[in-house]
Amino acid sequence: MRRATRGCGCVKTAIYPGSFDPITLGHLNIIKRAAVCFDKLIVCVLINSDKHGGLFTPEERADLIRRVVAKLPNVEVDCSATLLAEYARQKKACTLVKGLRAVSDYENELQMALINRKLNPRLETMFLPSSAKYTYVSSSVVKEMARYGADLSDFVPREIIDDVNAKMKSRRDG
Ligand code: PNS
(Lines give C-alpha, C1' and ligand atoms only; values in the text may rest on other atoms or scores of the structure.)
Protein backbone atom coordinates (compact mmCIF):
# COMPACT_ATOMS: atom_id res chain seq x y z
CA MET A 1 0.00 0.00 0.00
CA ARG A 2 1.40 3.42 -0.96
CA ARG A 3 1.41 5.83 1.96
CA ALA A 4 0.22 9.36 1.37
CA THR A 5 2.64 12.19 2.13
CA ARG A 6 1.90 14.24 5.22
CA GLY A 7 -0.47 17.24 5.12
CA CYS A 8 2.51 19.59 5.26
CA GLY A 9 3.83 18.07 2.01
CA CYS A 10 7.01 16.77 3.63
CA VAL A 11 8.02 13.18 3.21
CA LYS A 12 9.07 11.30 6.33
CA THR A 13 12.12 9.36 5.22
CA ALA A 14 13.96 6.73 7.24
CA ILE A 15 17.11 4.80 6.45
CA TYR A 16 17.73 1.16 7.25
CA PRO A 17 21.52 0.86 7.03
CA GLY A 18 23.63 -2.27 7.11
CA SER A 19 26.19 -4.51 5.46
CA PHE A 20 23.56 -6.94 4.12
CA ASP A 21 26.12 -9.52 2.95
CA PRO A 22 23.62 -10.94 2.06
CA ILE A 23 20.15 -9.74 3.08
CA THR A 24 18.47 -12.28 5.41
CA LEU A 25 14.87 -13.06 6.32
CA GLY A 26 15.54 -11.17 9.56
CA HIS A 27 16.49 -8.04 7.58
CA LEU A 28 13.42 -8.44 5.37
CA ASN A 29 11.18 -8.67 8.42
CA ILE A 30 12.60 -5.39 9.76
CA ILE A 31 12.20 -3.74 6.32
CA LYS A 32 8.52 -4.70 6.08
CA ARG A 33 7.75 -3.53 9.62
CA ALA A 34 9.66 -0.25 9.21
CA ALA A 35 8.17 0.48 5.78
CA VAL A 36 4.67 0.88 7.26
CA CYS A 37 5.95 3.49 9.75
CA PHE A 38 7.46 5.94 7.24
CA ASP A 39 6.55 7.51 3.90
CA LYS A 40 9.83 6.33 2.44
CA LEU A 41 12.36 3.77 3.65
CA ILE A 42 15.82 3.68 2.08
CA VAL A 43 17.67 0.42 2.60
CA CYS A 44 21.30 1.44 2.25
CA VAL A 45 24.29 -0.86 1.93
CA LEU A 46 27.23 0.78 3.70
CA ILE A 47 30.78 -0.19 4.52
CA ASN A 48 31.41 -1.72 7.95
CA SER A 49 35.16 -1.31 8.37
CA ASP A 50 35.18 -4.11 10.98
CA LYS A 51 34.03 -6.60 8.33
CA HIS A 52 36.54 -7.62 5.69
CA GLY A 53 36.39 -9.86 2.63
CA GLY A 54 32.66 -9.78 1.95
CA LEU A 55 30.96 -12.46 -0.11
CA PHE A 56 29.18 -9.98 -2.40
CA THR A 57 30.29 -6.51 -3.51
CA PRO A 58 28.18 -3.62 -2.14
CA GLU A 59 26.54 -3.18 -5.59
CA GLU A 60 25.70 -6.89 -5.78
CA ARG A 61 24.19 -6.76 -2.27
CA ALA A 62 22.04 -3.80 -3.29
CA ASP A 63 20.87 -5.65 -6.42
CA LEU A 64 19.86 -8.67 -4.33
CA ILE A 65 17.93 -6.42 -1.94
CA ARG A 66 16.21 -4.66 -4.86
CA ARG A 67 14.92 -7.98 -6.10
CA VAL A 68 13.63 -8.93 -2.65
CA VAL A 69 11.81 -5.63 -1.96
CA ALA A 70 10.51 -5.13 -5.51
CA LYS A 71 6.89 -5.32 -4.34
CA LEU A 72 7.25 -2.81 -1.48
CA PRO A 73 6.35 0.51 -3.12
CA ASN A 74 7.85 2.91 -0.57
CA VAL A 75 11.16 1.08 -0.19
CA GLU A 76 14.24 2.22 -2.13
CA VAL A 77 17.64 0.56 -2.20
CA ASP A 78 20.97 2.31 -2.43
CA CYS A 79 24.60 1.82 -1.55
CA SER A 80 27.07 4.39 -0.32
CA ALA A 81 30.67 4.61 0.78
CA THR A 82 30.10 7.75 2.88
CA LEU A 83 29.53 8.19 6.59
CA LEU A 84 25.99 7.20 7.48
CA ALA A 85 25.30 10.52 9.23
CA GLU A 86 26.34 12.40 6.09
CA TYR A 87 24.30 10.11 3.85
CA ALA A 88 21.23 10.78 6.01
CA ARG A 89 21.81 14.52 5.69
CA GLN A 90 22.01 14.22 1.89
CA LYS A 91 18.76 12.23 1.79
CA LYS A 92 16.99 14.58 4.27
CA ALA A 93 16.26 11.60 6.50
CA CYS A 94 15.82 12.12 10.24
CA THR A 95 15.53 8.51 11.34
CA LEU A 96 17.74 5.46 11.24
CA VAL A 97 16.10 2.09 11.77
CA LYS A 98 18.10 -0.70 13.38
CA GLY A 99 17.04 -4.21 14.29
CA LEU A 100 18.04 -5.68 17.64
CA ARG A 101 18.30 -9.45 17.88
CA ALA A 102 19.66 -9.72 21.40
CA VAL A 103 20.95 -7.63 24.28
CA SER A 104 24.44 -8.32 22.95
CA ASP A 105 23.61 -6.23 19.84
CA TYR A 106 22.65 -3.27 21.99
CA GLU A 107 26.01 -2.06 23.24
CA ASN A 108 27.47 -1.58 19.76
CA GLU A 109 24.22 -0.21 18.35
CA LEU A 110 23.90 2.30 21.18
CA GLN A 111 27.42 3.54 20.51
CA MET A 112 26.69 3.90 16.78
CA ALA A 113 23.41 5.73 17.51
CA LEU A 114 25.20 8.21 19.78
CA ILE A 115 28.01 8.80 17.26
CA ASN A 116 25.55 9.29 14.44
CA ARG A 117 23.59 11.84 16.47
CA LYS A 118 26.80 13.62 17.43
CA LEU A 119 27.69 13.88 13.71
CA ASN A 120 24.15 14.82 12.70
CA PRO A 121 22.12 16.17 15.66
CA ARG A 122 18.82 15.79 13.76
CA LEU A 123 19.33 12.09 13.33
CA GLU A 124 17.50 9.74 15.69
CA THR A 125 17.95 5.97 15.78
CA MET A 126 14.91 3.76 16.33
CA PHE A 127 15.39 0.17 17.37
CA LEU A 128 12.99 -2.54 16.29
CA PRO A 129 13.19 -5.83 18.17
CA SER A 130 13.79 -8.73 15.85
CA SER A 131 10.91 -11.18 15.50
CA ALA A 132 11.58 -14.15 17.76
CA LYS A 133 11.79 -16.59 14.85
CA TYR A 134 14.67 -14.64 13.30
CA THR A 135 16.81 -13.90 16.35
CA TYR A 136 19.34 -16.57 15.36
CA VAL A 137 19.58 -15.44 11.72
CA SER A 138 22.54 -13.35 10.59
CA SER A 139 24.45 -12.86 7.34
CA SER A 140 27.42 -14.65 8.94
CA VAL A 141 25.27 -17.68 9.75
CA VAL A 142 23.95 -17.67 6.16
CA LYS A 143 27.50 -17.71 4.78
CA GLU A 144 28.50 -20.52 7.13
CA MET A 145 25.44 -22.58 6.11
CA ALA A 146 26.08 -21.92 2.41
CA ARG A 147 29.72 -22.95 2.80
CA TYR A 148 28.52 -26.42 3.85
CA GLY A 149 25.76 -26.63 1.26
CA ALA A 150 22.95 -26.51 3.85
CA ASP A 151 19.36 -25.57 2.95
CA LEU A 152 19.06 -21.77 3.12
CA SER A 153 15.29 -21.49 2.86
CA ASP A 154 14.82 -20.62 6.56
CA PHE A 155 17.52 -17.97 6.38
CA VAL A 156 17.36 -15.88 3.20
CA PRO A 157 14.51 -14.77 0.91
CA ARG A 158 13.84 -17.45 -1.70
CA GLU A 159 14.58 -15.01 -4.57
CA ILE A 160 18.27 -14.98 -3.66
CA ILE A 161 18.99 -18.55 -2.52
CA ASP A 162 20.49 -19.54 -5.89
CA ASP A 163 22.65 -16.39 -5.97
CA VAL A 164 24.11 -17.13 -2.53
CA ASN A 165 24.81 -20.76 -3.39
CA ALA A 166 26.34 -19.84 -6.77
CA LYS A 167 28.54 -17.15 -5.25
CA MET A 168 29.75 -19.49 -2.53
CA LYS A 169 30.47 -22.17 -5.12
CA SER A 170 32.44 -19.74 -7.31
CA ARG A 171 34.46 -18.75 -4.23
CA ARG A 172 35.17 -22.40 -3.44
CA ASP A 173 36.05 -23.31 -7.03
CA GLY A 174 38.00 -20.15 -7.78
O1 PNS B 1 25.05 -4.65 9.26
P2 PNS B 1 26.12 -3.96 10.03
O3 PNS B 1 27.50 -4.44 9.61
O4 PNS B 1 25.94 -4.06 11.53
O5 PNS B 1 26.01 -2.39 9.67
C6 PNS B 1 26.93 -1.48 10.21
C7 PNS B 1 26.95 -0.21 9.34
C8 PNS B 1 27.35 -0.57 7.91
C9 PNS B 1 25.57 0.42 9.34
C10 PNS B 1 27.99 0.78 9.97
O11 PNS B 1 29.26 0.19 9.98
C12 PNS B 1 28.02 2.10 9.24
O13 PNS B 1 27.21 2.97 9.51
N14 PNS B 1 28.99 2.27 8.30
C15 PNS B 1 29.12 3.49 7.52
C16 PNS B 1 30.29 4.34 8.02
C17 PNS B 1 29.88 5.10 9.27
O18 PNS B 1 29.02 5.96 9.24
N19 PNS B 1 30.52 4.76 10.40
C20 PNS B 1 30.24 5.38 11.67
C21 PNS B 1 29.19 4.64 12.44
S22 PNS B 1 29.65 4.64 14.10
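Quick notes on this one:
- Remark: accessible surface ordering of 40, 118 (largest first) is 118, 40, probe radius 1.4 Å.
- Three-way shape call for the stretch 73-132 based on the alpha-carbon gyration tensor, with the a/c threshold at 1.5: oblate
- Cβ-Cβ FRET estimate between residue 138 and residue 90, R0 fixed at 30 Å, reported to 0.05: 0.55
- As computed over the chain, the Cα convex hull volume per residue (Å³): 115
- Accessible-area composition of the stretch 72-172, carbon plus sulfur, in percent [1.4 Å probe]: 54
- Principal-axis tilt of helix 103-119 within the chain, Cα atoms, nearest 10 degrees: 50
- Backbone amide hydrogens, once placed in the peptide plane, bring residue 128 within less than 5 Å of 98, 99, 100, excluding anything fewer than 5 places away on its chain.
- Cα gyration tensor, the stretch 32-99 - rounded (a/c under 1.5), prolate or oblate: oblate
- Selected from 156, 141, 68 as most flexible by GNM, with the chain as the system and alpha-carbon contacts under 10 Å: 141
- Between amide H atoms placed 1.01 Å from N, distances below 5 Å from residue 15 occur with 42, 95, 96, 97, all of them 5 or more places distant or on a separate chain.
- The stretch 1-117 - percent relative contact order, Cα under 8 Å, separation 6 or more: 32
- Given 133/169; 92/169; 71/92; 12/143, the pairs whose alpha carbons are separated by over 32 Å: 92/169; 12/143
The values are calculated or read from the model by the stated rules, or taken from the named source; none is laboratory data. Because the structure is a prediction, the values reported are computed rather than measured. Note that each Cβ is placed from the backbone with ideal geometry, even for glycine, and that neighbours are counted across all protein chains shown. Areas reflect the complete protein model, heavy atoms only, side chains present, ligands, DNA and RNA absent. Shrake-Rupley method; radii C 1.70, N 1.55, O 1.52, S 1.80 Å.
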